[in-house]
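The values are calculated or read from the model by the stated rules, or taken from the named source; none is laboratory data. Values in this document were obtained by computation on a predicted structure and should not be read as measured data. Cβ placement follows ideal geometry from the backbone for every residue including glycine, while neighbour counts extend to all protein chains displayed.
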Amino acid sequence: MSRNREPAEIIRLREAERAYQEAKNSYNQRVKQGEKQLKQAQKAHEKAVESAQSQLEGEKESFAAPLDSFEGAVLYRTRLDFEGTSLKLDPALGCEVEVSGGLYTPPSGDEKTKDTREVKLHFFSPSGQLDITAPYEKEKQAHEFADEVTSAARDCIRAKEEYEKNVSLLEKGVQETMANTHAIDLASSSLAQDKAATQSMEAAKAYLEKIKEETPKEMLKTYKRGKAKKKLIIWSVIIIVCVIIIALLITWASGGFNK
């Protein structure tokens, strides 16, 4: 029997099913799109928070990083560390660089000239003092390091105040970014509305059920058997195609096409 000669009841049933499926697909698509937008908003929020936290950690790491080092001594923005001793930097910090020792040549001349010269750096401030000894050939580096330390000491108060100000602003930025969930709230609200908008789908389903009730039982059974047979044919075709593809891949992998 051709489609044109199908009973009117079957045609109505098929059209009702199609209308319900379209309404269902449209609903699922809206919900899926809403879920996607919500995930995108959540991901964007997470990235914004991570970026704000990264800036804060970067500021802390930058302030805590060493400025310079010399003969085991390490200079930081607020202190000078050397062999387990830490000297707090202060604008009043002073430094003395002196060379001690000398060159000694034995009178007999049988021995090599001895060089006992060395450079001493003496740092002192209201919080304490710290001494560093270096080889004489590093006198230039010793003076440069001393200048670097005294410069950092003069700038330590301003540097700390600026650091604390920056940290405060960045911490506030992190909190504000974490609290700013406006985009997430909008996406969540929109998704809730999409999920609740089931009127069209429910109406199409109700109409389909009504058509089913009005369709004679024997005609309805015949229609269902036809649908099941159609699905079986489709799945059979899919399975056959898959088997053919697998066989071709196996043949290709074994080099059969080259023989």
* Residue check, GLU61 in a helix (DSSP H, G or I) and within 30 Å of VAL149 (Cα to Cα) -> yes
* In the range 190-206, is there at least one residue being touching a Leu at 6+ places or on another chain (Cβ under 9 Å) and modelled with pLDDT of 75 or more? -> yes
* Structure fact -> By residue number, the members of the range 131-142 that are more than 16 Å from GLU96 (Cβ to Cβ) and either part of a strand (DSSP E or B) or of a type in the set (Asp, Glu) (or both) are PRO135, GLU137
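If only one of PHE145, PHE124 is assigned to a strand (DSSP E or B), surrounded by 13 or more Cβ atoms within 10 Å (Cβ to Cβ) and either assigned by TED's automatic domain parsing to the domain that holds ALA92 or at pLDDT 95 or above (or both), which one is it? Walk me through it before giving the result.
Working: PHE145 fails: assigned to a strand (DSSP E or B).
Being assigned to a strand (DSSP E or B), surrounded by 13 or more Cβ atoms within 10 Å (Cβ to Cβ) and either assigned by TED's automatic domain parsing to the domain that holds ALA92 or at pLDDT 95 or above (or both) holds for just one of PHE145, PHE124, which is PHE124.
In contact with a His (Cβ under 8 Å, 6 or more places away or on another chain) and polar (S, T, N, Q): does that describe ASN180? Steps first, please.
Numbers: in contact with a His (Cβ under 8 Å, 6 or more places away or on another chain): yes; polar (S, T, N, Q): yes.
So ASN180 passes the test.
Here is a yes/no grid of residues against (1) out of contact with any Phe, Trp or Tyr (no Cβ under 7 Å at 6 or more places or on another chain); (2) buried (at least 16 other Cβ atoms within 10 Å of the Cβ); (3) more than 30 Å from ASP194 (Cβ to Cβ); (4) touching a residue at least 40 places away in the same chain (Cβ under 8 Å):
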site: ILE10; (1), (2), (3), (4): no, yes, yes, yes
site: SER26; (1), (2), (3), (4): yes, no, no, yes
site: GLN29; (1), (2), (3), (4): yes, no, no, no
site: ALA41; (1), (2), (3), (4): yes, yes, no, yes
site: GLU61; (1), (2), (3), (4): yes, no, yes, no
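Would you please name the residue that is surrounded by the most Cβ atoms within 10 Å (Cβ to Cβ), looking only at residues in the range 158-174 that are in contact with a Ser or Thr (Cβ under 9 Å, 6 or more places away or on another chain) and within 24 Å of GLN129 (Cα to Cα)? Talk me through it step by step, then tell me what you get.
Of the residues in the range 158-174, the ones in contact with a Ser or Thr (Cβ under 9 Å, 6 or more places away or on another chain) are 159-160, 163.
Filter again for within 24 Å of GLN129 (Cα to Cα), leaving 159-160.
Details: ALA159: 16, LYS160: 14.
Across the range 158-174, the extreme among qualifying residues is ALA159.
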* **Complete set of residues in the range 116-130 that are among the acidic types (Asp, Glu) and within 10 Å of VAL97 (Cα to Cα)** => none
* Structure fact -> Residue count, the range 64-103, condition in contact with a Ser or Thr (Cβ under 9 Å, 6 or more places away or on another chain), surrounded by 11 or more Cβ atoms within 10 Å (Cβ to Cβ) and not in a loop (DSSP other than H, G, I, E, B), comes to 8
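Let's see how each residue does on (1) modelled with pLDDT of 95 or more; (2) over 17 Å from ALA159 (Cβ atoms); (3) under 49 Å from the mean Cα position of the chain (by Cα):
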residue: GLU59; (1), (2), (3): yes, no, yes
residue: ALA64; (1), (2), (3): yes, no, yes
residue: ALA73; (1), (2), (3): yes, yes, yes
residue: TYR76; (1), (2), (3): yes, no, yes
residue: GLY101; (1), (2), (3): no, yes, no
residue: PRO107; (1), (2), (3): no, yes, no
residue: ASP110; (1), (2), (3): no, yes, no
residue: THR113; (1), (2), (3): no, yes, no
residue: ILE132; (1), (2), (3): yes, yes, yes
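Please go through the range 207-250 and give me each residue that is polar (S, T, N, Q) and modelled with pLDDT under 75, ordered by number. Break it down into steps so the answer makes sense when it comes.
Initial filter on the range 207-250 (polar (S, T, N, Q)): 215, 222, 236.
Result: THR222, SER236.
Among ALA179, ALA204, which is surrounded by fewer than 14 Cβ atoms within 10 Å (Cβ to Cβ) and either free of Cβ contacts under 8 Å to residues at least 40 places away in the same chain or within 12 Å of TYR27 (Cβ to Cβ) (or both)? Break it down into steps so the answer makes sense when it comes.
On the way: ALA204 fails: surrounded by fewer than 14 Cβ atoms within 10 Å (Cβ to Cβ).
Of the residues listed, the single one that is surrounded by fewer than 14 Cβ atoms within 10 Å (Cβ to Cβ) and either free of Cβ contacts under 8 Å to residues at least 40 places away in the same chain or within 12 Å of TYR27 (Cβ to Cβ) (or both) is ALA179.
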